[in-house]
Amino acid sequence: MRVLLIEDEKTLAELIKSGLEDENYSVDVAYDGEEGLYFAENEPFDIIILDIMLPKLNGIELLKRLRMQNNKTPVLLLTAKSDIEDKVLGLNSGADDYLTKPFSFDELLARIKAILRRNYNIADNILKIDNLEINMSTHEVKRNNILIELTAKEYALLEFLAINKNKLLTRTEITEHIYNYDFDNDSNVVDVMITRLRKKIDKGFGKKLITTVRGAGYMIKE
Ligand code: CA
């Protein structure tokens, strides 16, 4: 899952970024509203964490512009305790949820997961495809009840395929969701990761779940 964090308090931004990276999210950070809007308009994100008080362009204004452009990326607002009006204004402007500062990282993570589940229509934290089970809370992956060890990037790739099951994903879509902006786009990386993932989740389990669509990309099929 790819996250855009728009937050001008550098220490807080760094804390959130490293916490989310530990949870296998790929994170881009913008430190003011203009930069944040640029990122949001030009890169695909699964969620935007948006501070309200920002230099250059405030969070509410940024959010309104995104929604006016029909950008439907879920937005979690960060507000200061005193900004009750901002919360209401934020929700009315198209935010999906808000969190009041100071907050615990665990609460932030829980809110993010809840928003993503709603957005991708996942009833609980377990994705099931045939006899493959992906636990989105613990990142445990099982096939035929056998626990499979994956690296962080392999897990991210599998989760992205599984959330979009039965849908073709191009190499570009895959890299854009699994890596952040700093990543030098090299489509070969996806092929290498797919090969490794196949060895772990498909080899020896009978039915092959990961399908190659020649010249186009990959898909996980039920
Ligand atoms: Ca701020």
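The values are calculated or read from the model by the stated rules, or taken from the named source; none is laboratory data. Note that the structure is predicted; figures quoted are calculated from it, not measured. Cβ: placed from backbone, ideal geometry, glycine included. Neighbour counts: every protein chain shown. Surface accessibility is based on the protein's heavy atoms, side chains included, excluding ligands, DNA and RNA. Shrake-Rupley method; radii C 1.70, N 1.55, O 1.52, S 1.80 Å.
Which cross-chain or sequence-distant (5 or more) residues have an amide H under 5 Å from the amide H of E140, H modelled 1.01 Å from N in plane?
Counting only residues 5 or more places away or on other chains, the set is N135.
If you count the DSSP beta bridges with both ends in the chain, what percent of them are antiparallel, to the nearest 5?
Working: 16 of 33 bridges.
Antiparallel bridges make up about 50 percent of those DSSP assigns within the chain.
Under the classification rounded if a/c is under 1.5, otherwise prolate if a/b is larger than b/c and oblate if not, where does the range 2-119 fall, given a ≥ b ≥ c as square roots of the Cα gyration tensor eigenvalues? Kindly include the intermediate steps, with their values, before the conclusion.
Working: a/c = 1.24, a/b = 1.13, b/c = 1.09.
Here the range 2-119 falls in the rounded category.
Beta carbons within 10 angstrom, averaged per residue: use that to sort the peptides 155-164, 119-128, highest first. It would help to have the intermediate numbers written out before the result.
Working: 155-164: 21.4, 119-128: 12.7.
Taking the mean over residues of other Cβ atoms within 10 Å, the ranking is 155-164, 119-128.
Report in % the part of the accessible area of the chain that belongs to carbon and sulfur, leaving out ligands and nucleic acids; probe 1.4 Å. Display every interim value, and only then the final one.
Numbers: 5310 of 11010 Å².
Solvent-exposed carbon and sulfur of the chain make up 48 percent of the total.
Can you give me the long-range amide H partners of I47? Hydrogens built in the peptide plane at 1.01 Å from N, cutoff under 5 Å, separation of 5 or more residues or another chain.
Amide H to amide H, under 5 Å and 5 or more residues apart or across chains, I47 pairs with R2, L4.
Among K72/K208; K72/K200; K17/K87; K17/K56, which pairs are too far apart, with a Cα-Cα distance over 29 Å?
Numbers: K72/K208 34 Å; K72/K200 35 Å; K17/K87 23 Å; K17/K56 22 Å.
Table pairs above 29 Å Cα-Cα are K72/K208; K72/K200.
Got a sec to turn the phi values of the range 29-42 into Karplus ³J(HN,Hα) couplings, 6.51 cos²θ - 1.76 cosθ + 1.60 with θ = phi - 60°, whole Hz, x for Gly and Pro?
10, 10, 9, 8, x, 5, 5, x, 5, 4, 4, 4, 7, 10
Return one whole number: the accessible area per residue of the chain in Å², for a 1.4 Å probe. Let's see the in-between values first.
Details: 11010 Å² over 222 residues.
Heavy-atom SASA per residue in the chain reads 50 Å².
Quick one: if you stick a label point 7 Å off each Cα along the C-beta vector at A216 and N125, how many nm between them?
For the pair A216/N125, the computed spacing is 3.5 nm.
Measure nothing but the geometry: give the 0 to 90° angle between the long axis through the Cα atoms of 59-68 and the longest principal axis through the Cα atoms of the chain, rounded to 10°.
60
Residue by residue through the range 117-134, what is 3J(HN,Hα) from phi via Karplus (6.51 cos²θ - 1.76 cosθ + 1.60, θ = phi - 60°)? Round to whole Hz and write x for glycine and proline.
4, 4, 5, 9, 6, 9, 5, 10, 8, 10, 9, 10, 9, 6, 9, 9, 10, 10
What are the ³J(HN,Hα) values, in whole Hz, obtained from phi via the Karplus relation 6.51 cos²θ - 1.76 cosθ + 1.60 with θ = phi - 60°, for each residue of the range 202-213 in sequence order, with x given for Gly and Pro?
So the Karplus estimates, Gly and Pro as x, are 10, 5, x, 10, x, 4, 8, 8, 8, 10, 8, 9 Hz.
Enumerate the amide H contacts of A30 below 5 Å, restricted to partners 5 or more residues apart or on another chain; note that Pro and chain-start residues carry no placed amide H.
L5, I6, E7
From the protein chains alone at 1.4 Å, what is the descending order of accessible area for Y98, Y38, largest first? List each step's numbers first, then the result.
On the way: Y98 70, Y38 130 Å².
Result, largest first: Y38, Y98.
Can you give the accessible area of R65, probe radius 1.4 Å, in Å² rounded to 10?
100
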